[in-house]
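Encoded as structure tokens, the structure appears first; notes follow it.
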Amino acid sequence: MVYAHPVQTSSLGNTSFGAHMSSFKEQFLDILFPRHCLGCDVLLGKEAVSYVCRRCLKTIPFTESFACTFCKSPVKNGKTCPYCIKNHFLDELFVTTSYENPLAEKMLKTMKYRFVASLANDIADLMIGYLKKRAVIGLGPYSTPSLVVPVPLHFKRLNWRGFNQAEIIGRQISNYLELDFAADALKRVKNKKPQADMPNRFLRIKNAQNVFKLNSIHIHHKTIDDTLTGKIVLLVDDISTTGSTLDDCARALKGAGAKKVIGFVFARNKI
Ligand SMILES: [Zn+2]
Ligand SMILES: [Zn+2]
């Protein structure tokens, strides 16, 4: 039987969960219920910070090709296709693996619904592995991102789950790429009008501020105004389905001056 700890939340509060942090509760649960690999059920050592053994992690294949985020047609280097870009804001999307891989799906579901924050570290490691192998982000002087922004969770969901997986993942990726990390750049607020009702791009940008609002940008504990003007943002989430969440975030970021928004997710789900 594959066992995952039933409830794990950060003891450090909602938004400050550090990388590879093992809380007292996690250590306590380890004594009661030793961790088994989610893939092969092998017993993992006490020092393990993950829930998947090295061997199983290596079986998760990296994405070989690129498809437009919105129409799924084949594209080069993750770019949104020339037709979809006219009505969307996300410029590029990089996808580490497929949700159709059973272990990738299990990792995502266990993290989200069984509150296993540590799995976000495994997911971030795989995403960094993808970057190392494919070296797709930051190629060329005009496409290098200058900061990493995580997709925010609605506060109700954050209270329920106790951590934002996109934040844990985004922080590790920013460390690896040596980029600034703006954890609280975006805030999810109530959507007042459906985007489909908005007749033009300008109004859609305005309306997106009802879904995701620019919150505040703290980098190195300093609040910086105008940080986004002319910048390329790397927007991180665990999963993308229709691309609409990433696009809503990209709208808000561009509304605040960002020049380009590049999405980076662990897996893409089928619609
Ligand atoms: Zn295993
Ligand atoms: Zn397209």
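Read the figures in this text as sums done on the coordinates, not as results from a lab. Here the structure is a predicted model, which is why all the values come from computation and not from measurement. Every residue, glycine among them, receives a Cβ derived from its backbone with ideal geometry; neighbour counts consider all protein chains shown.
With a Förster radius of 35 Å applied to the C-beta separation of Asn101 and Ser146, the computed FRET efficiency comes to 0.65.
Past 29 Å, Cα to Cα, is the threshold; run Lys76/Lys156; Lys72/Lys156; Lys133/Lys231; Lys133/Lys259; Lys79/Lys132; Lys109/Lys132 against it and keep the listed order. The pairs that break the limit, which is 29 Å between Cα atoms, are Lys76/Lys156; Lys72/Lys156. For the pair Leu43 and Ser216, label points projected 7 Å from Cα toward Cβ lie 4.9 nm apart.
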